[in-house]
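These notes are about the structure you will find just below.
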Amino acid sequence: MASMRDIKRRRESIQSTSQITKAMKLVSTVKLQKRRLQQKTQDLSVT
């Protein structure tokens, strides 16, 4: 059976991983939005 200390460490680890994952998703979303805007601008300048 896990001790309270082990459970607390595991919980903190999961929260940290979750925070990193959310930040990575945010960064990828911003990059995708920038790329779509560039593509849209490029498409408009061609036509």
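The values are calculated or read from the model by the stated rules, or taken from the named source; none is laboratory data. None of these values were measured; they are calculated from a predicted model. A quick note on method: Cβ atoms are made from the backbone with ideal geometry, for glycine too, and the neighbour counts reach across all protein chains shown.
Given the criteria small (G, A, S), out of contact with any strand residue (DSSP E or B) (no Cβ under 7 Å at 6 or more places or on another chain) and modelled with pLDDT under 95, does A2 qualify? Spell out the reasoning first.
Details: small (G, A, S): yes; out of contact with any strand residue (DSSP E or B) (no Cβ under 7 Å at 6 or more places or on another chain): yes; modelled with pLDDT under 95: yes.
Criteria met by A2.
Would you confirm whether or not the stretch 30-46 contains a residue that is of a type in the set (G, A, S), under 24 Å from the mean Cα position of the chain (by Cα) and part of a helix (DSSP H, G or I)?
Here is the first cut: in the stretch 30-46, the ones of a type in the set (G, A, S) are 45.
From what's left, under 24 Å from the mean Cα position of the chain (by Cα): none.
No, the stretch 30-46 has no match at all.
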